[in-house]
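Chemist: A single structure is presented below for examination.
The values are calculated or read from the model by the stated rules, or taken from the named source; none is laboratory data. Note that the structure is a prediction, hence the values are computed from the model and not measured. Positions of Cβ are generated from backbone atoms using ideal geometry, with glycine treated the same way; all protein chains shown enter the neighbour counts. Just the protein is used for accessible areas: all its heavy atoms, side chains included, with ligands, DNA and RNA removed. Shrake-Rupley method; radii C 1.70, N 1.55, O 1.52, S 1.80 Å.
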Amino acid sequence: MPHAIALFSPEGRVELVNSRGVWFGLEQGKSVDGTSHAWLKKLLAQAVESRQHVQLGGGGPTNGEHAERKNVPEELVPMFEDGRELFFFPQAYPQIDAQGALTGVVLVLADVTEKRAAFD
């Protein structure tokens, strides 16, 4: 799967993560507080608080960590693999049960490298 996906508990602990999610320093059982990605902490916090789908940029949390990079839109997160720069679009989806309680947050970092290249 080209996308990075992780399931977080309501407290911000990684419950499940795929191999691409590990690229972002996500490990099963670890807290989001242990990550160096401020954008990720903000994105998850906003999803928990709002209980709505949120995405990086576009009025949501900003990607200031990458703002100094030229030609990288603030809603994309760059990552390198084998010398090739890849771009991911982060989104968070809160999971709400039938009683309205937050049961977790699904983080999807969609690989948009090819789509981005079409606009360069």
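Chemist: Residue by residue through the stretch 1-34, note down the ones that are more than 16 Å from VAL108 (Cβ to Cβ) and of a type in the set (Val, Ile, Thr).
Modeler: Correct list: empty.
Chemist: Going through the stretch 81-120 one residue at a time, which ones are open to solvent by less than 80 Å² (accessible area, probe 1.4 Å) and assigned to a loop (DSSP other than H, G, I, E, B)?
Modeler: Hits for the stretch 81-120 are GLY83, ASP97, GLY100, ALA101, VAL112.
Chemist: Quick one: how many residues across the stretch 13-57 are closer than 25 Å to ALA101 by Cα, part of a loop (DSSP other than H, G, I, E, B) and either in contact (Cβ under 8 Å) with a residue 40 or more places away in the chain or of a type in the set (A, V, I, L, M, F, W, C) (or both)?
Modeler: Going through the stretch 13-57 one residue at a time, the tally reaches 5.
Chemist: Out of ARG84, ARG69, I need the residue that is at pLDDT 80 or above and over 13 Å from the mean Cα position of the chain (by Cα). Which one?
Modeler: ARG84
Chemist: If you go through the stretch 9-24 one residue at a time, how many are open to solvent by less than 50 Å² (accessible area, probe 1.4 Å) and not basic (Lys, Arg)?
Modeler: Residues flagged as open to solvent by less than 50 Å² (accessible area, probe 1.4 Å) and not basic (Lys, Arg) within the stretch 9-24 amount to 8.
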